[in-house]
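The values are calculated or read from the model by the stated rules, or taken from the named source; none is laboratory data. All values reported here derive from a predicted model rather than from experimental measurement. All Cβ positions, glycine included, derive from the backbone under ideal geometry; neighbour counts span all protein chains shown. Note: areas computed on protein heavy atoms with side chains; ligands, DNA, RNA excluded. Shrake-Rupley method; radii C 1.70, N 1.55, O 1.52, S 1.80 Å.
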Amino acid sequence: MTPTPAPASRGRVLGLLAGGALGDALGAPFEGQSAVAAAELTEHEKSGTRLTHTDDTALALVLARHLADRRDERGVDGDMLALELAQAWKAEPWRGYGSGAQHVLGLIEAGVPWSRAARATFGGQGSYGNGAAMRVAPVALVATSLHHAAELGRRSAEVTHAHEDGQLGAACLAGAAYLALHSTPGRRLDVARLLQDLGRVVRSRSWHQKFDRIGELIRHEVAPGHAARALGNDVSALGSVPLALLAFLGRCDEAAETIRYAVLAGGDTDTIASMAGALVGARNGAAAFPESWTSRLEATEQLGRLADQISTASRTRSSGEENHAGSDVVGTQRGAGSGGG
Ligand code: F2R
Ligand code: MG
Ligand code: MG
């Protein structure tokens, strides 16, 4: 049985949360542009303006708070989460939500159960958008194994994204965030192994094809535009999560460069850079990002409070588990995957 991993440091918890917010805010002005010139991005970086986030971070904050408040259960309550997401949309509908997301969240806010609301879009098949993947990284902070992260990711997704690909995108990014958080910074990341591990929790031929392509593209060190053409850079989960993975895996120890690569690939820039930013932040910690970025983040205080809450709870839980393990009697199931949902 794989042991439960040691809790991540506060710096890495904050890195995951702040990396997502930075990617979102740095990519937001270019969302929908087919290509982004390096000079445009440099200008935005140097502008000195506040780094304002969009729906990506607004909803990731909701999920992070949901998990932090339910730390004893270590999981997702679908009914509560659906309502909390809908309330966040209702409070700030101007954050740049997708049309399907607005419809689903509006129905939930009006009292329709999420299981019906999530199927009320796109002819009943539900959304395959990347909206569940863009908010999912915080589940890695409470997950006890890769499988647990992917399952929490899927469960957090189904309340708004009924389509299989919308849910697989969230499972994939959640699994990648878990692996990034528990990787050793500075030590070479085994890309082929990580993609294989993801393939075990994302069981779909079309996703496996993308994982194979990511491996090849990294070997050839392709430019952002080339990667976007090969993997997609649109608002669908299957057309964006793989590019975020590539941006991270190709330069996993360079926090700023990961986000820049994702933005320069164009398309759904806020979301792809947000997903890549969460991964690289989880591996390297918040201090790896330029201070000139983090000091301008709109959500700095909220992110800091959440990082405190989550990392304190993880350390307390972990020391409680150690004490409990010392006095454990035969027959108790412990370890990976025992955290439930
Ligand atoms: N939507 C945007 N940005 C464009 C609008 C910005 C806004 N008007 C403004 O200027 O302020 N960004 C955000 O949406 C993406 C996440 O999307 P989510 O939450 O999954 O929403 P939705 O609407 O469900 O899906 C997005 C689009 O994907 C297409 N789509 C999804 N499922 C489909 C299906 N089954 N069949 C056909 N098309 C489907 C639709 O075009 C949806 O509108 C992120 O980029 C976030 O930043
Ligand atoms: Mg957005
Ligand atoms: Mg977007």
query: Mind checking which pairs have a first residue in the stretch 45-61 that is touching a residue at least 12 places away in the same chain (Cβ under 8 Å) and a second that is within 10 Å of ligand 1 (Cβ to nearest atom) and open to solvent by 50 Å² or more (accessible area, probe 1.4 Å), Cβ under 8 Å, 6 or more apart or different chains?
result: 54/31
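Quick check on residue 59: is it in contact with a Ser or Thr (Cβ under 8 Å, 6 or more places away or on another chain) and either on the phi > 0 side of the Ramachandran plot or surrounded by 21 or more Cβ atoms within 10 Å (Cβ to Cβ) (or both)?
no
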- request: Please specify each residue of the stretch 254-287 satisfying the condition of being away from ligand 1 (no atom under 16 Å from the Cβ) and in a loop (DSSP other than H, G, I, E, B).
  value: 254, 285
message: So residue 137 ticks every box in (1) within 16 Å of ligand 2 (Cβ to nearest atom); (2) closer than 17 Å to residue 105 by Cα but one. Which box is left unticked?
response: (2)
- request: Answer yes or no as to whether residue 244 is within 20 Å of residue 190 (Cβ to Cβ) and touching a residue at least 12 places away in the same chain (Cβ under 8 Å).
  value: yes
- prompt: So which of 118, 157, 132 ends up being open to solvent by less than 10 Å² (accessible area, probe 1.4 Å), more than 14 Å from the chain's Cα centre (by Cα), of a type in the set (A, V, I, L, M) and within 12 Å of ligand 1 (Cβ to nearest atom)?
  reply: 118
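For every residue, the table says whether it meets (1) surrounded by fewer than 24 Cβ atoms within 10 Å (Cβ to Cβ); (2) closer than 26 Å to residue 61 by Cα; (3) at pLDDT 95 or above; (4) within 16 Å of ligand 3 (Cβ to nearest atom).
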residue: 183; (1), (2), (3), (4): yes, yes, yes, no
residue: 190; (1), (2), (3), (4): yes, no, yes, no
residue: 211; (1), (2), (3), (4): yes, no, yes, no
residue: 234; (1), (2), (3), (4): yes, yes, yes, yes
residue: 239; (1), (2), (3), (4): yes, yes, yes, yes
residue: 244; (1), (2), (3), (4): no, yes, yes, yes
residue: 252; (1), (2), (3), (4): yes, yes, yes, no
residue: 295; (1), (2), (3), (4): yes, yes, yes, no
message: From the list 137, 143, 150, 110, exactly one residue is hydrophobic (A, V, I, L, M, F, W, C) and open to solvent by 30 Å² or more (accessible area, probe 1.4 Å). Which is it?
response: 110
message: Six or more apart or on different chains, Cβ atoms under 7 Å: show the pairs whose first residue is in the stretch 163-187 and closer than 22 Å to residue 310 by Cα and whose second is surrounded by fewer than 20 Cβ atoms within 10 Å (Cβ to Cβ) and modelled with pLDDT under 95.
response: 182/5
- prompt: Any idea which of 6, 28, 21 is away from ligand 1 (no atom under 16 Å from the Cβ) and aliphatic (A, V, I, L, M)?
  reply: 6
field: Every residue from the stretch 84-107 that is open to solvent by less than 80 Å² (accessible area, probe 1.4 Å), in contact with an Asp or Glu (Cβ under 8 Å, 6 or more places away or on another chain) and closer than 20 Å to residue 155 by Cα
entry: 86, 89, 101
Residues located in the stretch 30-60, provided they are assigned to a helix (DSSP H, G or I) and either within 10 Å of ligand 2 (Cβ to nearest atom) or touching a Gly at 6+ places or on another chain (Cβ under 8 Å) (or both): 30, 55, 56, 57, 58, 59, 60
Filter result (farther than 17 Å from residue 173 by Cα, hydroxyl-bearing (Ser, Thr, Tyr) and within 12 Å of ligand 3 (Cβ to nearest atom)) within the stretch 38-63: 54
- prompt: Which condition does residue 225 not pass, out of (1) open to solvent by 10 Å² or more (accessible area, probe 1.4 Å); (2) under 19 Å from residue 17 (Cβ atoms); (3) away from ligand 2 (no atom under 16 Å from the Cβ); (4) in contact (Cβ under 8 Å) with a residue 60 or more places away in the chain, if it passes all the others?
  reply: (2)
